[in-house]
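Written out below as structure tokens is the structure these notes cover.
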Amino acid sequence: MDQRKQEFRKLLSPCKLGKLELKNRFIFLPHYSGLGTNNGYEECGLLSERNIMHYVERAKGGAAAVTVSSNADPESIMATKIPVGSDPRNKEGYRRLAEECHKYGCKVIGQFNNGGHTTLLKPPQLLFAPSQMPETSSHYNVKELEIEDLESIKDYFVQAAVLHKEAGWDAVEIKVGHDGLLRTFLSPLFNKRTDQYGGSYENMIRYPMEVYQAVRNAVGDDFTVGIRLCMDEFIENGYSLEQGLKFAKSFEEAGVDYISTDAGSFTSFYMEIPPSTIPLGFAVYMSAQLKKAVNIPVIAFGRINDPVQAEMILQEECADFIGMCRQLNCDAETPNKTMAGDIDSIRHCIACNEGCLGIGELEICCIQNPASGREKRLGIGTLKPAEVKRNIMVVGAGVSGLKWAEIAAKRGHHVEVYEKSDKVGGQILLAEKMPYRAEIGEVYRYLKYELKKANVPIHLNTEVTAELVDKIAPDVVVVATGSYPLPMSISGAERFEGHILDPRQVLESAELVGENVLLYDDIGYWQAAGVADYVAALGAKLTAVAKDGCFADVIEGTNRVLLMQRLYEAGATIISDSYLSGLTENGAEITNCLSGVKTEIPNIDTVIIASQSRSDNVLYYELKKKGGREVYFVGDCVAPRTIRQCVLEAERMARRI
């Protein structure tokens, strides 16, 4: 046995999932991708080429199985771009998806859901639940399902299962998970029925069990049928792990082949798709408890992003298989890199949720991996060697410069990076100081490692001038010099006796932060959100003022909910729809944007202004004006933006050189 297989003895070993023999223990978990086709009324829910490529990419990357989610029926869909699993128009696409994945020894599992009370549509046409009541996370009410509705929905699950089996798929999975209809029958919060489907334990599990039995009867005993089961709803008046284990045991006794663990609900959505605030491997204790309770295979989930972590879970018998969703979205080749022993080259998911989670019906992406959702153009095998090898000088070792350098070097160009400071990473070096944001440093860690592998020199403490460029004489110069905070003119600032800081100054020099802080959020993003969290963690009394309708309104939802919980627990005061209109010697004046009413906030010793930045592009325009060589600029140097936008731009541009 070679060293890598010895190191990952269980993770890389074959194992049976029901009737299926899987080549290793990596399973790509189901998720909403937004890559389906929506051509309007009754022309939505169609499988697309991009859907197919998204899952085939994970098969290429070495996963043993991919689990593809779909709406079981067209009447209750969470989003119009989720394929409808029972629609005959999707059958040939499903057949092709299976055939392509099978080429790489990867099995294909079809997961079926009914949207029920959960939706990404605003507004949805009609929602369904066991009882008529809106979920606490939704403004929309529901129809209480009639017996005829239940029979129709069950039939759609059966149709979907048969269609997938006929299309050559290897297994099917029924979702009794964090979203959708079936879990709500198990939940005392959602199920208030008094008929045969509510009240007692036997009645509450009856409908999900009927759906399973109908599917089992349709596909036969020799076909693998699993359950994705929410083990703990993490909501008041919902069910907990103890009840989840009981449900699991009942499904095992009914003949289910495996259980894929899950947790949370739309109300506790930060537990469904937990951000970096929630620890790595947070849900392993659930699969560990389940493994003790049942004798069928168990799939673990919940912020598992590393093969060493995965192997430990298997060695300690906390699960039989490792479910990864965001990690394989971030780096589809995680299994292949593990098999090759190149684990330092794995790009780890940082649980930022800014690309993969998305809002509404946006398409899946990843801030680190531009190929996510763009597999056909940017996926595995699409990066081609450059026809003409160039000498390229990259100025700036922030994320944009590092990404450009990585892609250009992998295409065979000779690349050297120059950075005026003593570290690589750019603004991420500051962002990783924010509470619960340390994992964002993985972005530059991965890029730095890839440049080391490619023998790309990084010259630190070197400020690049036009004269230095002439001396080095590269063929191409890429200017990635970032941005700087744009000072905001505030009436009375000259009289203010305390410190007026921007977010970067706060993170660089915490000693400048006083005891009574006013933070003005003029941007809605992490510059305000993360610094507010940081200041509160320092113990300062914080008043946060937001120009928009709510503070930090641009950051992704799971992060924002947990952030706001921390700020309120720290005693912060949050004021929205207002702007900072003036300063006094030791206070501030804010003005309501809608009413014009002014309010004095006294006893302030520190003012932090989180506002827009300005591109640092002087060198770019100087070199461009001078001429004599190709000059490009990238990232914040072009326009201040997010990591996701800068990484995508750098990859696209470096592929064209």
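The values are calculated or read from the model by the stated rules, or taken from the named source; none is laboratory data. Source: prediction; values computed, not measured. Methodologically, a virtual Cβ is constructed for each residue, glycine included, from the backbone with ideal geometry; neighbour enumeration extends over all protein chains shown. Heads up: the accessible areas ignore ligands, DNA and RNA and are worked out on the full protein's heavy atoms, side chains in. Shrake-Rupley method; radii C 1.70, N 1.55, O 1.52, S 1.80 Å.
Every residue, every condition in (1) touching a Leu at 6+ places or on another chain (Cβ under 9 Å); (2) without any contact (Cβ under 8 Å) to a residue 12 or more places away in the chain, yes or no:
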| position | (1), (2) |
| --- | --- |
| Phe234 | no, no |
| Ser240 | no, yes |
| Glu253 | no, yes |
| Ser268 | no, no |
| Ala283 | no, no |
| Leu290 | yes, no |
| Gly302 | yes, no |
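Kindly check whether there is at least one residue in the range 509-526 that is in a helix (DSSP H, G or I), surrounded by fewer than 19 Cβ atoms within 10 Å (Cβ to Cβ) and of a type in the set (A, V, I, L, M).
yes
For the range 273-295, the set of residues classified as touching an Asp or Glu at 6+ places or on another chain (Cβ under 8 Å), buried (at least 20 other Cβ atoms within 10 Å of the Cβ) and closer than 25 Å to Leu186 by Cα consists of Met286, Lys291, listed by residue number.
Just to verify a result, which residue in the range 304-318, among those that are touching a residue at least 40 places away in the same chain (Cβ under 8 Å) and in contact with a helix residue (DSSP H, G or I) (Cβ under 6 Å, 6 or more places away or on another chain), is least open to solvent (accessible area, probe 1.4 Å)? Of everything passing the filter in the range 304-318, Pro307 is least open to solvent (accessible area, probe 1.4 Å). Just give me the residues in the range 373-389 being within 14 Å of Met653 (Cα to Cα) and over 31 Å from the mean Cα position of the chain (by Cα), in sequence order. Within the range 373-389, just Ala386 meets the criteria.
Checked against the criterion of being part of a strand (DSSP E or B), surrounded by fewer than 24 Cβ atoms within 10 Å (Cβ to Cβ) and modelled with pLDDT of 95 or more, the range 374-392 contains one or more residues that satisfy it.
Within the range 144-153, does at least one residue satisfy the condition of being open to solvent by 10 Å² or more (accessible area, probe 1.4 Å) and closer than 30 Å to Leu17 by Cβ? Quick ask: steps written out before the conclusion?
Step one: list which residues in the range 144-153 are open to solvent by 10 Å² or more (accessible area, probe 1.4 Å), which gives 144, 146-149, 151-153.
After this cut, where a residue has to be closer than 30 Å to Leu17 by Cβ as well, the list is 153.
Yes - at least one qualifying residue is present in the range 144-153.
Meeting the requirement of 1 or more residues that are under 25 Å from Gly85 (Cα atoms), basic (Lys, Arg) and at pLDDT 95 or above, the helices (runs of 4 or more DSSP H) wholly within the range 166-267 are 182-186, 206-219.
When the range 574-616 is filtered for residues that are farther than 13 Å from Asp521 by Cβ, open to solvent by 10 Å² or more (accessible area, probe 1.4 Å) and of a type in the set (Ser, Thr, Tyr), the ones remaining, listed by number, are Ser581, Thr584, Ser595, Thr599, Ser613, Ser615.
Residue count for the range 491-528 satisfying the condition of being under 17 Å from Thr584 (Cα atoms) and touching a strand residue (DSSP E or B) at 6+ places or on another chain (Cβ under 6 Å): 14.
Selection within the range 105-137: residues that are within 30 Å of Ile27 (Cβ to Cβ) and of a type in the set (S, T, N, Q). The member of this set that is most open to solvent (accessible area, probe 1.4 Å) is Ser137. Counting only strands (runs of 3 or more DSSP E) wholly contained in the range 1-79, no element carries 3 or more residues that are among the aromatic types (Phe, Trp, Tyr) and under 21 Å from the mean Cα position of the chain (by Cα).
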